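What follows is a set of notes on a single structure, which appears directly below.
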Amino acid sequence: MSLRQVIGAATGAAFLLLVPPAVAASAAGLSDPYETVTVDSTGHLATDGTITLSGTYRCLTGTGPVLVSSSVWQRDSTARQGIGGTSAVCDGAAHRWNNSEKREPGTLRPGAAHVEATLMELSPGAGGLPLPKFHAVRQQDITLMES
């Protein structure tokens, strides 16, 4: 092993030992492992076609706008339905999210469904274009209930 490789390995090890985990993960372009998004096991479907999904999220820091987005689909359909978006506060505390979207009645029906929720930040990128940074993603089977 050359002297340059030894110095590089030692510098990397010192970085990992001395820098707090959240900073190290951020420097590596990864989200913190304690950032989460959950999906409630029940979604609501109103007679006018309004779909409401909810859950919780937790994120530590954000340099740009952070959103919780969600989509839902049912087994007999390959089309995902985007269901709103909620602004998120990244302060390390757990918060509730609630997304609603009105769809044509009959687009979804009561019963089994699959949801994906994403906690995503629009970070400033090179040249001023915002780039997505994913803090957490969750896919879960739920039940849509008439409300």
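The values are calculated or read from the model by the stated rules, or taken from the named source; none is laboratory data. What you see is a predicted model; the values in this text were computed from it and never measured. In this analysis, Cβ positions are derived from the backbone assuming ideal geometry, glycine residues included, and neighbour counts consider all displayed protein chains.
Figures for the structure shown
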quantity	calculated
Which listed residue is out of contact with any helix residue (DSSP H, G or I) (no Cβ under 9 Å at 6 or more places or on another chain) and without any contact (Cβ under 8 Å) to a residue 12 or more places away in the chain, from Leu122, Leu108, Leu129	Leu129
Residues of the range 65-81 satisfying the condition of being within 20 Å of Pro130 (Cβ to Cβ) and exposed (fewer than 14 other Cβ atoms within 10 Å of the Cβ)	Pro65
Some residue of the range 50-63 being under 17 Å from Gln140 (Cβ atoms) and aliphatic (A, V, I, L, M)	yes
Residue in the range 103-112 that is assigned by TED's automatic domain parsing to the domain that holds Thr63, under 22 Å from Lys133 (Cα atoms) and surrounded by 15 or more Cβ atoms within 10 Å (Cβ to Cβ) present	no
